[in-house]
Amino acid sequence: MKKFIGLGIFVLVFLLSGCRDRAVTPDQLPKNIISFIQQSFPGQNITYAESERKLLGTTYEVLLVDGTRIDFDTSGEWDSLEGTVTNPLPTSLIPGPIVNYIQGQFPDAMILKIDKEDYGCEVQLANGLELKFNKQGALIGMDD
């Protein structure tokens, strides 16, 4: 029994020690992440990047010179995009139905953040509203 508990503690410590954030240089990022940044944010350099080892792979967080923050999941797809008031997110990165709804209902609002969620997406606007959309891009909730 003591061996089992000791082994369990060892495995737990091993797993937790591998889940730390670690700074990485831009050339250590996966090629698909570099391509995404170059295509979606042309002319923007990476200020800081870090990786975090998870049980199912590695996630990345990248900060661009203009203040844009991008989180990537274990497959290298963006999971969260966050701009600033002076550099809102490009609408080309946001699903069309969501952009159409926001432009129709809040024509002057800038999109500052979008997070992928299990149900769809959560979008934060510069006016303080948080909008929740299902996977088809239909509005399902709103918070201020």
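In the set GLY120, GLY67, only one residue is on the phi > 0 side of the Ramachandran plot and surrounded by fewer than 17 Cβ atoms within 10 Å (Cβ to Cβ); that residue is GLY67. Checked against (1) small (Gly, Ala, Ser); (2) modelled with pLDDT of 95 or more; (3) loosely packed, with under 14 Cβ neighbours inside 10 Å, GLY43 passes all but condition (2).
Taken over the range 79-95, residues that are surrounded by fewer than 19 Cβ atoms within 10 Å (Cβ to Cβ) and under 22 Å from ARG22 (Cα atoms) amount to 3.
Annotation: THR86 fulfils all but one of (1) under 21 Å from ILE37 (Cβ atoms); (2) touching a strand residue (DSSP E or B) at 6+ places or on another chain (Cβ under 9 Å); the unmet one is (2). If you go through the range 69-83 and pick out every residue that is touching an Asp or Glu at 6+ places or on another chain (Cβ under 7 Å) and not hydrophobic (A, V, I, L, M, F, W, C), you end up with 5.
The values are calculated or read from the model by the stated rules, or taken from the named source; none is laboratory data. Quantities reported herein were computed from a predicted structural model and do not represent experimental measurements. We place every Cβ from the backbone using ideal geometry, glycine too, and count neighbours over all the protein chains shown.
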